Every structure is written in C-alpha cells, then in structure tokens.
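In what follows, a single structure is set out as structure tokens and then discussed.
The values are calculated or read from the model by the stated rules, or taken from the named source; none is laboratory data. Keep in mind that this is a model prediction, so the values were computed, not measured. Neighbour counts run over all protein chains shown; Cβ positions are idealised from the backbone, glycine included. Note: accessible area is taken over every heavy atom of the protein model, side chains too, but ligands, DNA and RNA are not part of it. Shrake-Rupley method; radii C 1.70, N 1.55, O 1.52, S 1.80 Å.
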Amino acid sequence: MVTFTACRSEPELVRPARPTPQETKALSDLDDQLSLRFYESIVGFFRGPPGESVRPGKVAKGIKAAVAGALVYYYPMAGRLQKIPGGNKLEVDCTGEGVMFVEAAADVRLEDLGQPLVPPYPCVEEFLADAGDTT
C-alpha cells in the first residue's frame, strides 16, 4: 500500500459557460427508480502536458472551462432534483446552479498507484470531498 498526502481545494460550483433554459424536466420512469437515488462521486486522474512544469491549478482551470462549456448543452446536469408536489416522483429543476468541483494534488506519481490504474483506486478517500447535503 502506497502512502501519500493529498491536498484538496475547497469545493466550488462550476456553472454553465452561457445562460441556459430555466425549466423543469420530469424524469422518465426508468430514471426515477428509488434504487437509483444516490450521490455519485467521480475521480479523474490527469497528467500535465509532457515536458512542462505544471503550476497547481493550471490543469484544473482547463477542466473547469471544459465542464462549463459542456453544461451549456447538458444543462439539466447543472440543475437540482426536486420532488413533484403530491407524489414521490422526481423532476430536474434546470436552475443552472452548476456542478461541484474539487481539485486535489498529491505527493505521489500516478505510476505509484498501480499499473494499470483502474477502479477501485487505492486510497481514493484521500481525493474525495464531502458532498454535503445532496437532498
């Protein structure tokens, strides 16, 4: 087991790069199953450009810009789930609030985490941030 120290940024919301429609969208019966109502964290590992010394935050800045651009077209992802009044079904309130983003840096090389680097990742808890209240 490899040991290392990870430093996480404060969570921030990445909003769509341009204004998006303000509307609600009902979930389909397939998407609205009780067994699918949980929060999913995603961990991505990225290398800096080859031959360049990368300042902390440079790669994250590019990723945040790309996410903001994608949220223009996939704008429901930047909204919030809410219950439809009078029932237990959910809908997406397309608010454009954004998605949570946390940058993490560690004093370890990707190669030290194992080859190939596939889930479940070792020490993944070091990289994850608390999602807070997701209701």
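Residue-level analysis places Glu52 outside the set of residues that are part of a loop (DSSP other than H, G, I, E, B), open to solvent by 40 Å² or more (accessible area, probe 1.4 Å), out of contact with any Pro (no Cβ under 6 Å at 6 or more places or on another chain) and closer than 18 Å to Leu13 by Cβ. Out of curiosity, is Thr95 modelled with pLDDT under 90 and either hydroxyl-bearing (Ser, Thr, Tyr) or more than 30 Å from Thr5 (Cβ to Cβ) (or both)? It is false that Thr95 is modelled with pLDDT under 90 and either hydroxyl-bearing (Ser, Thr, Tyr) or more than 30 Å from Thr5 (Cβ to Cβ) (or both).
Give the residues of the range 97-124 that are of a type in the set (Phe, Trp, Tyr) and open to solvent by 40 Å² or more (accessible area, probe 1.4 Å), sorted by residue number. Quick ask: steps written out before the conclusion?
Step one: of the range 97-124, the residues of a type in the set (Phe, Trp, Tyr) are 101, 121.
Passing the criteria: only Tyr121.
For Glu125, state whether it is more than 16 Å from Leu27 (Cα to Cα) and either of a type in the set (Val, Ile, Thr) or over 13 Å from the mean Cα position of the chain (by Cα) (or both). Against the criterion (more than 16 Å from Leu27 (Cα to Cα) and either of a type in the set (Val, Ile, Thr) or over 13 Å from the mean Cα position of the chain (by Cα) (or both)), Glu125 qualifies. Return yes when Gly87 is assigned to a loop (DSSP other than H, G, I, E, B) and on the phi > 0 side of the Ramachandran plot and no when it is not. Against the criterion (assigned to a loop (DSSP other than H, G, I, E, B) and on the phi > 0 side of the Ramachandran plot), Gly87 does not qualify.
Quick one: would you say Val99 is in contact with a strand residue (DSSP E or B) (Cβ under 9 Å, 6 or more places away or on another chain) and more than 18 Å from Glu125 (Cα to Cα)?
So Val99 passes the test.
On the basis of being more than 30 Å from Asp112 (Cβ to Cβ) and among the charged types (D, E, K, R), does Glu40 make the cut? So Glu40 fails the test.
Mind checking which residues of the range 6-36 are open to solvent by 50 Å² or more (accessible area, probe 1.4 Å), polar (S, T, N, Q) and either under 21 Å from the mean Cα position of the chain (by Cα) or on the phi > 0 side of the Ramachandran plot (or both)?
Just the residues of the range 6-36 that are open to solvent by 50 Å² or more (accessible area, probe 1.4 Å), to begin with: 7-8, 10-13, 15, 17-19, 21-26, 28-31, 33-36.
Subset that is polar (S, T, N, Q): 22, 24, 28, 33, 35.
Correct list: Ser35 only.
Given the conditions (1) under 17 Å from Ser9 (Cα atoms); (2) open to solvent by 100 Å² or more (accessible area, probe 1.4 Å); (3) outside any helix (DSSP H, G or I), and given that Tyr39 satisfies all but one, which numbered condition is not satisfied? Condition not satisfied by Tyr39: (1). Is it true that Gly79 is out of contact with any Leu (no Cβ under 6 Å at 6 or more places or on another chain), open to solvent by less than 40 Å² (accessible area, probe 1.4 Å) and not hydrophobic (A, V, I, L, M, F, W, C)? Yes; evaluated as a whole, the condition is true for this residue.
Against the condition modelled with pLDDT of 95 or more, in a helix (DSSP H, G or I), open to solvent by 60 Å² or more (accessible area, probe 1.4 Å) and farther than 19 Å from Leu128 by Cα, how does Ala65 come out, does it pass? Give the derivation first.
Working: modelled with pLDDT of 95 or more: yes; in a helix (DSSP H, G or I): yes; open to solvent by 60 Å² or more (accessible area, probe 1.4 Å): yes; farther than 19 Å from Leu128 by Cα: yes.
Considered against the rule, which asks whether it is modelled with pLDDT of 95 or more, in a helix (DSSP H, G or I), open to solvent by 60 Å² or more (accessible area, probe 1.4 Å) and farther than 19 Å from Leu128 by Cα, Ala65 comes out as yes.
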